[in-house]
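Readers should treat all values here as calculations from the given coordinates under stated rules, not as data from a laboratory. A quick note: this is a predicted structure, and the numbers were derived from the prediction, not measured. Cβ coordinates were reconstructed from backbone atoms using ideal geometry, including for glycine residues, and neighbour counts include every protein chain displayed.
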Amino acid sequence: MFYYFAVLRIDYRKTALLDLGPHPDATEYFAQAKALQRDGWPSIQIGYEKLPSRYPFGYPALMLPWLKILREADAVLAPFRTSQTTGLLLLLAVFAFYAYLAMPLTGGFAALLLATLPGFFTFCRSSLSEVSASLLIILAFMFAYLGITEERRWKIYLSAVLLGLSLNIRIQSLFFAPLLLAMALFPRRGMSWRWFLHCVAIPVVFVLAASPMLILNTIQFHSPLTTGYDLWVPYFSRNHLLFRLGWIPTNAASLWRELILQPHGYYAANIFGTGTSFVPAFVVLVCTGLFFIRLSWFVGCAFLAGFSSFAVTLSYLFGKDGRFYLPLLILLIAVAVLPVTWAANNLFAGKRIIAALSIFILFTGACLGYPSRSGYKTHEIDRLQAWDALNFATSRRRSLAFLAERHFATLNRQPGIVLSDIDPVYLNALLPRSFVAAPIDGKHNYKWSYTWRYDRPQASALVEHGLQQSLPVYALFSSRNDVAGNQSRLPNVPGYEWRTLSDFQRNVAILTLAAIGSDQAAPAPE
């Protein structure tokens with residue numbers, strides 16, 4: 001019920017979330033999904049060019065069922081529906097795992113902790129890939145545990161497959177690779193060479209599961225280890241600044257500020273929620289659970305995998321953003337639930353009442369998300385994340401970019417070229433295929449590439465190409481006020497002038513390039 005009211009019932013049409021922020025993450029995910037649906041190949045489009053994205057194609061591939069289900073006008077909801085669906089599957093998987101182990105009470109506590117984890121329900125209603133990658137990572141840990149405890153090698157192989165597939169969604173999943181050491185922990189029976197062969201086979205299976213991403217990188221960039229980041233933001237990759245020890249103090253300080261309820265920076269979590277990823281009560285509950293862990297070789301393996309991911313993320317340039325720690329936070333629920341189960345058993349037995357009640361107070365605080373901070377640079381620390389989740393409200397204004405695109409598309413005009421300050425990747429993914437969107441000039445999100453260029457000369461060449469092909473050329477602005485200040489940026493073509501259409505509405509401004517002296521500003525609507 002909490003998940004339904006906090007995540008599933010959100011009416012995205014009444015929010016600004018249809019802008020698909022943060023840019024360019026969500027925009028490129030959606031554009032790749034549309035390209036997969038249309039062309040069978042993941043790409044982003046700027047003008048007539050089909051270009052590689054900087055992000056893996058796994059999350060866009062998960063959107064395809066929703067793109068088939070949703071109406072064309074509602075296709076922009078596919079990223080959100082995908083996150084909502086995978087979040088629900090993860091919630092059910094956690095309870096099913098404990099129920100399979102004949103621990104339904106623990107499963108109930110774990111599911112409740114997961115559903116009320118701020119980072120979880122925040123990104124379940126997002127257009128980002130965090131929850132989808134977390135689902136595969138958590139399932140990988142589950143099957144690795146079952147493979148060791150039940151002595152079933154195929155479950156460990158399945159764990160390797162799931163972890164490898166997660167790399168096609170988020171490359172950072174690679175740092176959970178120490179989990180594959182679980183195969184080496186499998187009890188040795190018979191000949192040692194069989195055990196050795198299985199230990200060698202497990203990383204091979206892992207690489208094969210991750211191979212779609214590696215093959216795509218090889219096709220697009222001639223190297224399996226080169227990604228779209230090297231094309232679009234080469235400064236960081238060429239100077240090796242993405243991961244370094246120097247980022248650790250800043251990222252650790254950011255996590256510490258969130259733990260002690262101090263104001264922190266603006267993150268993606270502020271777009272889809274209150275900006276909070278975890279609350280102090282949850283961390284204290286996890287620390288308490290450390291005393292209830294029964295040490296084993298698998299626990300050591302799981303700890304090594306989690307610590308590897310945590311250490312690398314902490315040294316990541318953008319590691320202060322709490323969304324990169326979401327898989328770890330979900331995994332820690334397995335630790336946090338241990339003292340809660342112990343407290344419940346003692347309460348039923350009438351033993352250690354004070355200690356059990358203390359733990360349940362922590363558990364209640366973790367579920368309610370109290371105390372916590374909501375919002376960007378606020379000073380209130382008495383917020384309940386559960387209450388804020390049930391009363392989630394983004395800006396009441398609607399998405400200006402989406403409204404502008406919808407209004408332009410519904411005019412049913414003659415297909416042509418569209419110049420706009422709205423992200424061209426976003427427009428090309430939403431507009432009918434007969435339209436081609438491009439930036440007005442060099443002020444766009446893709447100007448940092450060293451090898452791909454688009455500026456005023458490219459915009460002028462695109463317009464001239466359209467005129468040669470007798471295609472209408474439009475300029476689209478999400479506000480009439482933008483026209484006065486930005487019309488001078490539009491390409492100048494001898495013998496032509498930019499004219500404002502007389503039928504624009506809803507504060508959307510549409511201009512068309514018309515021959516000087518012509519009577520008609522633009523082709524009439526069909």
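The shape of the chain comes out prolate: with a ≥ b ≥ c from the C-alpha gyration tensor, a/c is at least 1.5 and a/b beats b/c.
Helix 104-115 and the long axis of the chain differ in direction by around 30°, with both axes built from C-alpha atoms. Shown here for segment 30-116: chymotrypsin sites (Phe, Trp or Tyr not before Pro) in loop regions (DSSP other than H, G, I, E, B) with at most 16 other Cβ atoms within 10 Å, namely Tyr48. Against the chain, whose longest principal axis is taken from its Cα atoms, helix 58-69 shows a tilt of about 70°. The overall shape of segment 400-515 is rounded: from the C-alpha gyration tensor, with semi-axes ordered a ≥ b ≥ c, the ratio a/c is less than 1.5. Taking trypsin sites (Lys or Arg not before Pro) across segment 60-108, the ones in a DSSP loop with at most 15 further Cβ atoms lying within 10 angstrom of their Cβ are Arg71.
Can you tell me, using C-alpha contacts under 8 Å and at least 6 residues apart, the relative contact order of segment 400-515 as a whole percent? Value for segment 400-515: 28 percent.
Averaging Cα coordinates gives a centre for segment 151-211 and one for segment 400-479; these two points are 46 Å apart. The angle separating the long axis of helix 78-100 from the principal Cα axis of greatest extent in the chain is about 10 degrees. Neighbour counts of other Cβ atoms within 10 Å put Asp25, Asp39, Asp423 in the fewest-to-most order Asp39, Asp25, Asp423. In this simple spin-label approximation, Phe243 and Ser211 carry label points 7 Å from Cα along the Cα→Cβ vector, and these lie 2.4 nm apart. Here the chain is assigned +1 on the Cβ of each Lys and Arg and -1 on the Cβ of each Asp and Glu. Its dipole about the Cα centre then comes out at about 1140 debye. Using a simple spin-label model with pseudo-atoms 7 Å out from Cα toward Cβ, Ile260 and Ser488 lie 5.1 nm apart.
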